[in-house]
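**Student:** Below: one structure in structure tokens.
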Amino acid sequence: MSIKKKDLIYIAGHTGLAGSAIVRVLKKNGYRNILIPKKRIDLRNQIEVFNFIKKKKPKFIFIAAALVGGIKANNIRRADFIYDNLMIQCNLINAAYKNGINKLIFLGSNCVYPKNSKQPIAEKSLLAAPLEYTNEPYAIAKIAGIKLCENYNKQFSTRYLTLMPCNLFGKNDNYNLDESHFFPALINKFLSDKKEIELWGSPNTKRELMYADDLAEACVFFMKKIHKINEHIINIGSGYEKTIKQYARQINDRLNIKKPFFFNNMLIGTARKKLDIRKARSYGWKPKNNFNSNLDKTIQDFLVQKQNTKK
């Protein structure tokens, strides 16, 4: 059964980058029965999560909630990243099953694939080789969520699907330099008062980027088809890939500020993480790309956030 306009839908992580995008896209497509908790739920608390799901009984669940961060946060808060993410996803997935909710989409990440995966990365690469060290705790937690969905499907005949997005950007991103991913960090740094910008990692590191609303549209697309999908994991990529140095130049040019920048290579992550999206395409989905206009929207969102923090 496909998702209907009247069905109650819960988006765990509805205030974050991916979750808020799913809310926007659902509303744009006429889905109004969206479950927004009146008070904050500690998704790490099993009893709290179970009671919430039992009481509200949403028909569909999107899990976009996670503790996420860039290379620095991943490396410093290693215990937080494995514990919090394990608890969040296990509580939600198990509560869904225990309360008879059989359709769920869990968001994984391209970060969970092995460090030296063959490019572009196919879904079969999962667990085929060692992980990248700085990202290992987060990746292990996410892999546990992927395998939880897969094995609930096998044992209990649920329809739990993991979508694996590439790097995201867009509205409601986290621009904190100690916690953010590389792209919001670039925006923050180039809009700072500093005359010269220090960037982390290697200038030749490549990243595939997707606008968060485009991922959200993929989430809705696959939820509509979830009763027909026999996969347990599907990559969602944009095909839009550049080096960190090229992205820095793009932002510099878009802002028309021409700030000099240099690279500090003390922390270097995976060299490349482009996704193979042939499986997604086989279901009729295809990526959208309008990078410059989406970059403009994202920069405006950052400026609004910055202004609001000053009030």
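**Student:** With respect to Ala139, is the statement that it is free of Cβ contacts under 8 Å to residues at least 40 places away in the same chain, buried (at least 19 other Cβ atoms within 10 Å of the Cβ) and in contact with a helix residue (DSSP H, G or I) (Cβ under 9 Å, 6 or more places away or on another chain) true? Let's see the steps before the verdict.
**Tutor:** Working: free of Cβ contacts under 8 Å to residues at least 40 places away in the same chain: yes; buried (at least 19 other Cβ atoms within 10 Å of the Cβ): yes; in contact with a helix residue (DSSP H, G or I) (Cβ under 9 Å, 6 or more places away or on another chain): yes.
Considered against the rule, which asks whether it is free of Cβ contacts under 8 Å to residues at least 40 places away in the same chain, buried (at least 19 other Cβ atoms within 10 Å of the Cβ) and in contact with a helix residue (DSSP H, G or I) (Cβ under 9 Å, 6 or more places away or on another chain), Ala139 comes out as yes.
**Student:** Of the residues that sit in the stretch 57-85 and are among the charged types (D, E, K, R) and within 21 Å of Leu35 (Cβ to Cβ), which one is surrounded by the fewest Cβ atoms within 10 Å (Cβ to Cβ)? Give the derivation first.
**Tutor:** First, pick out the residues of the stretch 57-85 that are among the charged types (D, E, K, R): 57, 59, 72, 77-78, 80, 84.
If we keep only those that are within 21 Å of Leu35 (Cβ to Cβ) too, we end up with 57, 59.
On the way: Lys57: 12, Lys59: 18.
Across the stretch 57-85, the extreme among qualifying residues is Lys57.
**Student:** In addition: So Val112 ticks every box in (1) without any contact (Cβ under 8 Å) to a residue 60 or more places away in the chain; (2) surrounded by fewer than 21 Cβ atoms within 10 Å (Cβ to Cβ); (3) closer than 27 Å to Phe60 by Cα but one. Which box is left unticked?
**Tutor:** (2)
**Student:** On the basis of being surrounded by 19 or more Cβ atoms within 10 Å (Cβ to Cβ), among the β-branched types (Val, Ile, Thr) and over 23 Å from Arg272 (Cα atoms), does Ile88 make the cut?
**Tutor:** Details: surrounded by 19 or more Cβ atoms within 10 Å (Cβ to Cβ): yes; among the β-branched types (Val, Ile, Thr): yes; over 23 Å from Arg272 (Cα atoms): yes.
Criteria met by Ile88.
**Student:** Name the one entry in Ile244, Ile251, Ile299, Ile234 that is over 30 Å from Asp193 (Cα atoms) and of a type outside the set (S, T, N, Q).
**Tutor:** Ile234
**Student:** Please specify each residue of the stretch 145-172 satisfying the condition of being over 16 Å from the mean Cα position of the chain (by Cα) and over 21 Å from Ile277 (Cα atoms).
**Tutor:** Scanning the stretch 145-172 gives Leu148, Asn151, Tyr152, Asn153, Lys154, Gln155, Phe156, Ser157, Thr158.
**Student:** If I filter the stretch 123-132 down to residues being touching a helix residue (DSSP H, G or I) at 6+ places or on another chain (Cβ under 8 Å) and modelled with pLDDT of 95 or more, which single residue comes out as farthest from Asn85 (Cα to Cα)?
**Tutor:** Glu123
**Student:** Somewhere in the stretch 260-273, is a residue within 21 Å of Tyr160 (Cβ to Cβ) and of a type in the set (Val, Ile, Thr)?
**Tutor:** In the first step, residues of the stretch 260-273 are kept if they are within 21 Å of Tyr160 (Cβ to Cβ); the result is none.
So far as the stretch 260-273 goes, no, none of its residues is within 21 Å of Tyr160 (Cβ to Cβ) and of a type in the set (Val, Ile, Thr).
**Student:** If we keep just the residues of the stretch 242-278 that are among the small types (Gly, Ala, Ser) and either modelled with pLDDT of 95 or more or surrounded by 18 or more Cβ atoms within 10 Å (Cβ to Cβ) (or both), which is nearest to Asn188 (Cα to Cα)?
**Tutor:** The initial filter retains those residues of the stretch 242-278 that are among the small types (Gly, Ala, Ser), namely 248, 269, 271.
Cutting the leftovers down to either modelled with pLDDT of 95 or more or surrounded by 18 or more Cβ atoms within 10 Å (Cβ to Cβ) (or both) gives us 248, 269.
Details: Ala248: 11, Gly269: 20 Å.
Checking each candidate, the answer is Ala248.
**Student:** One residue is enough: does the stretch 250-269 have a residue meeting the conditions of a type outside the set (D, E, K, R) and closer than 30 Å to Ile9 by Cα?
**Tutor:** no
**Student:** Turning to a different aspect of this structure: Pairs only if they're at least six apart or on different chains, beta carbon under 8 angstrom, first in the stretch 173-197 and part of a loop (DSSP other than H, G, I, E, B), second hydroxyl-bearing (Ser, Thr, Tyr); list them, first residue then second.
**Tutor:** From residues that are part of a loop (DSSP other than H, G, I, E, B), the pairs are Asp173/Ser180; Asp173/Thr298; Asn174/Ser180.
**Student:** Any residue that is among the charged types (D, E, K, R) and either touching a strand residue (DSSP E or B) at 6+ places or on another chain (Cβ under 9 Å) or crowded, with 17+ Cβ neighbours inside 10 Å (or both) - is there at least one of those in the stretch 220-230?
**Tutor:** As a first pass, look at the stretch 220-230 and keep what is among the charged types (D, E, K, R): 224-225, 228.
Filter once more, so that each one left must be either touching a strand residue (DSSP E or B) at 6+ places or on another chain (Cβ under 9 Å) or crowded, with 17+ Cβ neighbours inside 10 Å (or both): none.
The answer is no, given that none of the residues of the stretch 220-230 is among the charged types (D, E, K, R) and either touching a strand residue (DSSP E or B) at 6+ places or on another chain (Cβ under 9 Å) or crowded, with 17+ Cβ neighbours inside 10 Å (or both).
**Student:** Next question, about the same structure. Just to be sure I understand, how many residues within the stretch 191-218 are in contact with a Lys or Arg (Cβ under 6 Å, 6 or more places away or on another chain) and farther than 30 Å from Ile229 by Cα?
**Tutor:** 3
The values are calculated or read from the model by the stated rules, or taken from the named source; none is laboratory data. Note that this is a predicted model, so its numbers are computed, not measured. Neighbour counts are summed over all protein chains in view; Cβ atoms, including those assigned to glycine, are modelled from backbone coordinates with ideal geometry.
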